[in-house]
Amino acid sequence: MRGLRLPGGQELPVLGQGTWGMGERRAQRAAEVAALQRGLDLGLGLIDTAEMYGSGGAEEVVGAAIAGRRDEVFLVSKVYPHNAGRRDAVAACERSLRRLGTDQLDLYLLHWRGSTPLAETLEAFEQLRADGKIRHYGVSNFGPGDMSELFESELGRRSATNQVLYNLTRRGIELDLLPWCREQELPVMAYSPIEQGRLLGEPALRRVAERHSVAPAQIAIAWVLAQDGVCAIPKAATVAHVEQNRAALDIELSAADLAELDAGFPAPPHPVPLEIL
């Protein structure tokens, strides 16, 4: 599977598995674990989760799915802003590690910006990295101004990614944030690449999907993957859904496909505030 380069040279897969909404209902746990494991079978080793998801339940689901397979996984979790202080971030990370059943995260992100000074959070992240509990750190839901402030410090410039909302209907980052990240050679992780299913009935998307004889969701994911410096982490809670997502990696959109999608889902004409779900 193709990938992006993180600072330091490690590869970040371009297509992974999101877990937002998992771990909330025990009756669905077995199916969620099976879906993640099928993703691993198919090479989708990037798994993204957070202490927020299911109040830790999603991390427990991931922990069950990766048991005995940790070496197949690029594991990402995120810390609440209110847990992002020097001591609190370390404690939060340790709780996440216990739920995940591992001793190290590949990537640890600040879930969104809160009231804790960035310098304090970065010091905690750097301590976790020095202690071997995380390999890389980064941020999520940071707009252009936040990123510029982040990169004012040496520790901030060590950030490995920014995870943001990006899909055919949320293209505002193309006007400012995405070009800035490309200049810094900083990968962007796109969450909700199919807008939680809300864009799947759009005519342009359906026409392109029909030409390729695939589902609209696969075209939406393939479009995200066609953007330079971007990886996608769609959620799939069933085996069939995971298999469908994986097949999106093999779709090659033509120039005509891209032009039709661009016309059907135009980027905003001017910069807009960073959108968040």
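The values are calculated or read from the model by the stated rules, or taken from the named source; none is laboratory data. All values reported here derive from a predicted model rather than from experimental measurement. FYI the Cβ positions are ideal-geometry reconstructions off the backbone, even for glycines, and counts take in every protein chain you see. Note: areas computed on protein heavy atoms with side chains; ligands, DNA, RNA excluded. Shrake-Rupley method; radii C 1.70, N 1.55, O 1.52, S 1.80 Å.
Is it the case, given these coordinates, that Thr121 is open to solvent by less than 30 Å² (accessible area, probe 1.4 Å), modelled with pLDDT of 95 or more and assigned to a loop (DSSP other than H, G, I, E, B)? Show your work before the answer.
Working: open to solvent by less than 30 Å² (accessible area, probe 1.4 Å): yes; modelled with pLDDT of 95 or more: yes; assigned to a loop (DSSP other than H, G, I, E, B): no.
Against the criterion (open to solvent by less than 30 Å² (accessible area, probe 1.4 Å), modelled with pLDDT of 95 or more and assigned to a loop (DSSP other than H, G, I, E, B)), Thr121 does not qualify.
Which residue pairs have Cβ atoms closer than 7 Å, lie 6 or more positions apart in sequence or on different chains, and pair a first residue in the stretch 256-277 that is under 16 Å from Pro216 (Cα atoms) with a second residue that is exposed (fewer than 14 other Cβ atoms within 10 Å of the Cβ)?
As it stands, the answer is Gly264/Pro203, since those pairs meet every condition given.
Do you know which of the residues in the stretch 224-268 that are in contact with a Phe, Trp or Tyr (Cβ under 9 Å, 6 or more places away or on another chain) and charged (D, E, K, R) is nearest to Gln196 (Cα to Cα)?
Looking at residues that are in contact with a Phe, Trp or Tyr (Cβ under 9 Å, 6 or more places away or on another chain) and charged (D, E, K, R), I get Lys235.
Pull up the stretch 104-118, narrow it to residues that are more than 21 Å from the chain's Cα centre (by Cα) and surrounded by fewer than 18 Cβ atoms within 10 Å (Cβ to Cβ), then point me to the one that is nearest to Gly57 (Cα to Cα).
Restricting to residues being more than 21 Å from the chain's Cα centre (by Cα) and surrounded by fewer than 18 Cβ atoms within 10 Å (Cβ to Cβ), the top hit is Ser115.
When Arg99 is evaluated against the numbered criteria (1) within 21 Å of the chain's Cα centre (by Cα); (2) without any contact (Cβ under 8 Å) to a residue 40 or more places away in the chain, which criterion, by number, is the only one it fails?
Going through the list (1) within 21 Å of the chain's Cα centre (by Cα); (2) without any contact (Cβ under 8 Å) to a residue 40 or more places away in the chain, Arg99 breaks only (2).
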